[in-house]
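The values are calculated or read from the model by the stated rules, or taken from the named source; none is laboratory data. No experiment lies behind these values; they were computed from the predicted model shown. Cβ atoms come from the backbone with ideal geometry, glycine included; neighbour counts cover every protein chain shown.
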Amino acid sequence: MKLGFLVDLNLCMGCKGCEIACKVENEVPLSSWRLRVKYIDIGSFPNTSRSFTPLRCNHCENAPCERICPVSALHYLENGIVNIDSSRCIGCAGCMMACPYGAIYMDPETNTADKCTYCAHRIESGMMPACVVACPVEANIFGDVEDEHSYISRYIMEHQGNIQVRKPEKHTNPKHYYVGGGTQTLNPLAHQRLEGYGLFNNVTHLAHNGDPHHGVIDRFLAPFIGHETADNKAFMDFDAGQTKSKEGGH
Amino acid sequence: MVENTIQATQAVVTLDVALPGIIWGWMITLNMWAKSIGTGVILVGAYLLYRYKKEETPNLRWMMPLLSFVALNVFLLFTLVDLHQPYRMINIFLYPHWTSAITVGAWMASLFTLLVTILMVIGAADAFPRLGGKKCKVTAMARNNSGFYEKIFPFVVFLAIPVTMYTAIIMAESSARELWQAPTEMMQMFLAALMAGSAALILSSGSWNKEARRDLSLILMFAVSASFFMYMGEYFFSFKSSEAEATLAYIHAGGEYSAEFWFGMILGFIIPFFLAASTVKNDNKTVLRFAAILTLAGLYLAKDVWLKIPQMLPLS
Ligand code: SF4
Ligand code: SF4
């Protein structure tokens, strides 16, 4: 059994329902995403079109994140899912450097790496991933790509010649396919991020990886006395009582 | 106007989440820089130890492992501090995953540090007969086993090579960063070790004979020039891979990384080469020391830029 995903970009209407469902199901903290829908505008006025591309972990058959993880926190499950054991993760961020798709984030609450697991916990109890259930147009298709009778396998067969994966040149063998995608949507070097052309926001970068209070001293003291009293600022600030929590789940 | 600036074939991202910034920052730069000193002094020091008599390089036997020990501890400290879960470092030893260069490197570097510590204790106990007083068991044991130094030394030198190189494999395993390719990074790590090792030894070579110092300046000259040309090769001729080219645009196009890169190249590679060359004949210790300090500073800057620019590229 090899579980895989397929997104039909011709059907996706960019409602972000899957993104929200994933956030809720997996309690993904603020400033982190396991699944996101990216809007890309193509062409010149008046011949423009907007495409929506849901992006998540590809559960690569030859996963660089698994290879680099020094403690096997990232590991393969028998059904092909690349799973993560947060309790073992040392937070070296090697996987974030290795994943060619930027699918891994440092959880700001646990200070460990995390990512889409294809909702492995739901699969275990016979349910579909939360994003699949939420999609109103059934653009997310999930199933066993080794079973030729599965819906996903038949969908792939029906759309032969129009199936893409992200960055095939990386030899990661993604188990996540797209129908109706193209270079402009799937290759990050083929589109630009221009300041001022965003719909609701500017081009932004995360201010921190993992816990925003995660200073040098905090790393060593926090497990014993908590972040409230142990961040770098509080260490030097003799008058103040406690540091206020900021965005990032505190 | 967008219709004029965007070519028809190109696309613009109009809605997306915030992108991650630099994931491995200055701590990893410092980590690589300190490790270059830690292994470099052993590699270069080994050459001097075999080439010259004890009287010609009087303090080398203990100074070399001492410098290495200090640098390796800086390296280990920042490796630990950079982890988001530093206490779980122990998991690398409890649950090692051998396909990971991080695991292999952590094991080798730990063993290397242990052996360098033994060399340092024996070297210092031999060089300073009153060290530790009469009651200290450690120094007494070290003096009784003085020959152990020479026995393990070849193994330490041998181990210094993979300890120098494994970071290059970590970078190569970072499949997302096309700029870092195993062959070039391995060579660059080795040259960085020669640069940092010779520079650190130059700073403590005041009492050595001038041939030893001349050898150090020659090693420094070789390492900085070879490394400089490798950087230039990548800077100008990496156009075969679109990702590498897009990464190098962060220095090609000017801005802070361009300034840091060229400042590092001039400060740490070009100037030290000519300064060291000027001391080959006349043995000017002050100029050579100055070259060594510039090399160490420039190496840090070059490593820093090379570490950070691939992380600026959006991956998805
Ligand atoms: S997409 Fe990234 S995180 Fe997912 S399996 Fe592949 S390398 Fe790992
Ligand atoms: S951050 Fe955690 S999951 Fe990622 S490589 Fe390091 S130990 Fe493995």
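Brief remarks on what is shown
- Residue count, the range B:268-279 (criterion: surrounded by fewer than 19 Cβ atoms within 10 Å (Cβ to Cβ) and either in contact (Cβ under 8 Å) with a residue 40 or more places away in the chain or of a type outside the set (Gly, Ala, Ser) (or both)): 4
- Residue in the range A:42-65 that is farther than 29 Å from A:Arg154 by Cβ and surrounded by 21 or more Cβ atoms within 10 Å (Cβ to Cβ) present: yes
- Within the range A:120-163, if we keep just the residues that are assigned to a loop (DSSP other than H, G, I, E, B) and small (Gly, Ala, Ser), the residue that is nearest to the chain's Cα centre (by Cα) turns out to be A:Ala139.
- Filtered residues of the range A:67-106 (kept if in a loop (DSSP other than H, G, I, E, B), within 7 Å of chain B (Cβ to nearest Cβ) and of a type in the set (Val, Ile, Thr)): A:Val71, A:Ile90
- Among the residues of the range A:168-181, those that are more than 9 Å from chain B (Cβ to nearest Cβ) and either crowded, with 16+ Cβ neighbours inside 10 Å or without any contact (Cβ under 8 Å) to a residue 24 or more places away in the chain (or both) comprise A:Pro168, A:Glu169, A:Pro174, A:Lys175, A:His176, A:Tyr177, A:Tyr178, A:Val179, A:Gly180, A:Gly181.
- Filter pass, A:Thr117 being within 16 Å of ligand 2 (Cβ to nearest atom), modelled with pLDDT under 95 and assigned to a loop (DSSP other than H, G, I, E, B): no
- In summary, A:Phe45 fulfils each of the numbered conditions (1) more than 22 Å from A:Lys175 (Cα to Cα); (2) in contact (Cβ under 8 Å) with a residue 24 or more places away in the chain; (3) of a type in the set (A, V, I, L, M, F, W, C) with the single exception of condition (2).
- Some residue of the range B:170-181 being crowded, with 23+ Cβ neighbours inside 10 Å and within 30 Å of B:Thr279 (Cα to Cα): no
- Search result, residues across the range B:213-230 that are of a type outside the set (Val, Ile, Thr), buried (at least 18 other Cβ atoms within 10 Å of the Cβ) and more than 21 Å from B:Ala172 (Cβ to Cβ): B:Arg213, B:Asp215, B:Leu216, B:Ser217, B:Leu220, B:Met221, B:Ala223, B:Phe228
- Screening A:Ile90, A:Ile163, A:Ile156 for residues that are away from ligand 2 (no atom under 16 Å from the Cβ), among the aliphatic types (A, V, I, L, M) and surrounded by 18 or more Cβ atoms within 10 Å (Cβ to Cβ) leaves exactly one candidate, A:Ile156.
- Scan of the range A:68-87 for residues that are over 23 Å from A:Tyr177 (Cβ atoms), more than 10 Å from ligand 1 (Cβ to nearest atom) and touching a Leu at 6+ places or on another chain (Cβ under 9 Å), ordered by number: A:Val71, A:Asp85
- Among the residues making up the range B:58-93, those that are more than 30 Å from B:Ala127 (Cα to Cα) and more than 8 Å from chain A (Cβ to nearest Cβ) are B:Phe78, B:Thr79, B:Leu80, B:Ile90, B:Phe93.
- Within the range A:43-66, being within 12 Å of ligand 1 (Cβ to nearest atom) and within 7 Å of chain B (Cβ to nearest Cβ) holds for A:Leu55, A:Pro64.
Yes/no matrix, rows are residues, columns are (1) in contact (Cβ under 8 Å) with a residue 40 or more places away in the chain; (2) crowded, with 22+ Cβ neighbours inside 10 Å; (3) near ligand 2 (Cβ under 7 Å from one of its atoms):
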residue	(1), (2), (3)
A:Val82	no, yes, no
A:Asp85	no, no, no
A:Cys95	no, yes, yes
A:Glu109	yes, no, no
